[in-house]
Amino acid sequence: MNRKERDAARGRNDYDASPADLSSPEVYSGSGRVYDRLSRELVLISFGFVMIVVLAWAVMSGALTDEEGKRSGTNWLGVAQVRLKENRLTEPPDDNALDAYLQAQELAVGSSAVKSGLETIPKRYLAMINRLIDAGDLELAEKTLGSAARVIPHASDDYAYALAEARARLENAVREMSQRRQAARSTAENYEPLTVFQDYLKDGTLGPKMVVIPGGTFVLGSPEDERNRDPDEGPAHPVSVERFAMAQTETTFAEYRRFAEEAGWALPDDYGWGHGQQPLINVSWVEAKAYAAWLSEQTGFRYRLPTEAEWEYAARAGTTTPFIAGNCLTPEYANLDFRARSEQCPGIPVNAGKAVAVAGHKPNPWGLHNLYGNVREWVRDCWEPRYDPLTDGRASFSGEGGTCGVNGDRVLRGGAWPSPANSARTANRYAMAEQEWSSGVGFRLVRELD
């Protein structure tokens with residue numbers, strides 16, 4: 001096969017140069033220079049195209065980086081504002097408002113909003129600390145003061161002086177409480193477990209009957225195989241509780257009336273069911289806390305709502321079954337709507353249709369009445385869908401200074417008069433905003449002993 005035939009086989013059918021032309025050195029050398037120039041131009045064009053792409057990518061990348069920075073700053077500002085609403089001011093260490101505001105400040109995004117937030121945190125702390133001192137919650141005030149000190153490097157000099165004044169006020173309140181305790185006539189600190197006592201108020205009259213609850217360890221929550229168990233009752237875990245005193249019954253209208261008259265607060269609606277020894281109903285968590293603060297000031301001892309662990313520990317009184325009476329509950333222990341049938345508790349034709357006088361039902365082994373029915377009871381803790389794994393019986397708070405975030409949801413424990421028996425299992429939990437109230441909601445207090 002000659003060259004033309006080979007070229008034709010390769011697709012060069014338009015080949016018409018003569019052999020003499022093809023054999024000429026000039027033609028070959030000229031063609032090589034043309035091909036080399038075209039190759040160089042193609043390389044340069046390709047290189048230029050690649051450089052343009054690289055430069056474009058760099059520019060776009062820089063723009064995206066700037067945009068991501070701005071977006072990140074905006075997110076930090078939003079996170080800071082959410083945490084501020086929830087009163088997570090400097091706690092926990094990796095999820096608080098102060099750190100988020102400082103991140104937004106570093107990115108120079110929303111400077112006016114950042115400045116406002118950084119000014120709000122010190123004000124919020126000072127108001128919180130003063131409220132705690134006024135309420136006699138001196139231990140929590142001490143803890144909050146420690147957290148508040150972390151803001152000093154980012155606040156004005158006036159803030160440091162104000163914190164020093166708050167510290168002096170707290171120390172004075174601690175001294176006064178100690179003096180009142182020494183002057184108080186109660187000697188409950190020396191009482192044996194399960195002793196019933198009453199503290200004296202300033203006018204010489206007696207406060208609510210309290211039962212000395214011994215310290216101990218128990219399993220908080222329900223086992224996973226408990227019938228009718230809700231997911232929020234776990235994870236069940238052991239908790240150690242220091243001794244304390246708990247009111248023998250729910251707070252009554254008669255007990256609360258003395259506070260309401262002195263403080264100028266209106267009595268809650270009783271729906272015509274009566275006052276006296278009727279359990280206080282239609283009362284919010286805020287009102288319950290105010291009554292506890294008043295009782296503390298009157299007696300010289302620290303009264304407060306129980307923690308969730310303290311409530312369940314006292315309600316169980318050493319038992320581990322779903323109910324204090326075993327696997328079900330009967331009308332002798334609680335005021336509930338027993339007509340509702342279930343696979344766990346058989347229906348019993350009993351329903352009072354209202355809250356009834358306290359101490360009218362059989363107490364648990366530790367002498368406490370109506371922990372399982374009549375009215376549900378406020379406790380100190382914030383509502384969480386799962387237990388915070390605290391092991392020492394303290395209350396669990398979602399915000400600093402004992403606060404519970406935006407909604408302010410607190411925990412309720414025990415059954416209520418319009419509810420079926422299954423709702424009164426010892427581990428059962430409920431939630432309600434701390435400003436709300438209901439005809440099936442009341443409270444009982446505890447008194448610190450140590």
Estimated distance in nm for a label pair at ARG386 and THR195, the labels positioned 7 Å out from Cα along Cα-to-Cβ = 4.3 nm
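Which GluC sites (Glu not before Pro) in the range 128-179 pass both tests, a DSSP loop state and at most 12 other beta-carbon atoms within 10 Å? Kindly include the intermediate steps, with their values, before the conclusion.
On the way: sites: GLU139, GLU142, GLU165, GLU171, GLU176; in loops: none.
When the GluC sites (Glu not before Pro) of the range 128-179 are filtered for loop state and at most 12 Cβ neighbours within 10 Å, nothing remains.
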In range of the label at ARG339: residues from the range 402-438 whose backbone nitrogen is under 16 Å from the point 7 Å along Cα→Cβ | 417-422
The range 340-441: GluC sites (Glu not before Pro) in DSSP coil with no more than 16 other Cβ atoms inside 10 Å | GLU343, GLU436
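How far, in nm, would the chain grow between ASP225 and ARG167 when pulled straight, counting 0.36 nm per residue and subtracting the alpha carbon separation?
Working: separation 58, 0.36 × 58 = 20.88 nm, distance 4.93 nm.
In short, 15.9 nm is gained.
Take the alpha carbon gyration tensor of the range 163-238, find the square roots of its eigenvalues, order them as a ≥ b ≥ c, and report rounded if a/c is under 1.5; if not, report prolate when a/b exceeds b/c, else oblate. Write out the running numbers ahead of the final one.
Details: a/c = 3.10, a/b = 1.63, b/c = 1.90.
Oblate is the answer for the range 163-238, as a/c is 1.5 or above yet b/c matches or exceeds a/b.
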Mean accessible surface per residue for the range 245-395, computed with a 1.4 Å probe while every protein chain stays in place, in Å² | 37 Å²
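For the range 169-271, what's the relative contact order in percent, using C-alpha pairs closer than 8 Å and at least 6 residues apart?
Working: 108 pairs, mean separation 20.9, N = 103.
Relative contact order comes out at 20 percent.
If r is the Cβ-Cβ distance from GLU242 to LYS115 and R0 is 60 Å, what FRET efficiency results, to the nearest 0.05? Walk me through the numbers on the way to the answer.
Numbers: r = 44 Å, r/R0 = 0.74.
Efficiency, rounded to the nearest 0.05: 0.85.
I'd like the FRET efficiency for ALA359 and ARG175, computed as 1/(1 + (r/R0)^6) with the beta carbon distance as r and R0 of 35 Å, rounded to 0.05.
Values: r = 38 Å, r/R0 = 1.08.
That pair, ALA359 with ARG175, gives E of 0.40.
So, R0 is 35 Å and r is the distance between the beta-carbons of ASN75 and ILE152; what FRET efficiency does that work out to, to 0.05?
Values: r = 27 Å, r/R0 = 0.77.
E between ASN75 and ILE152, to the nearest 0.05, is 0.85.
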Evaluate the distance, in nm, between pseudo-label points positioned 7 Å from the Cα of ALA160 and of VAL406 along their respective Cα→Cβ axes.
-> 3.6 nm
Hey, got the dipole for the range 397-450? About the Cα centre, +1 on K and R Cβ, -1 on D and E Cβ, debye to the nearest 20?
-> 320 debye
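Percent relative contact order of the range 291-351, based on C-alpha pairs within less than 8 angstrom and at least six residues apart?
Details: 43 pairs, mean separation 10.7, N = 61.
So the answer I get is 17 percent.
Can you list which of the chymotrypsin sites (Phe, Trp or Tyr not before Pro) found in the range 293-331 are DSSP loop residues with at most 14 other C-beta atoms within 10 Å?
Working: sites: TRP294, PHE301, TYR303, TRP311, TYR313, PHE323; in loops: PHE301.
Sites meeting the loop and neighbour criteria: none at all.
The values are calculated or read from the model by the stated rules, or taken from the named source; none is laboratory data. This one's a predicted model, so the numbers in the text were calculated from it and none came from an experiment. Ideal geometry is used to build each Cβ from the backbone, glycine not excepted, and the neighbour counts take in all protein chains shown. Accessible surface is based on the protein model in full, side chains and every heavy atom, while ligands, DNA and RNA are left aside. Shrake-Rupley method; radii C 1.70, N 1.55, O 1.52, S 1.80 Å.
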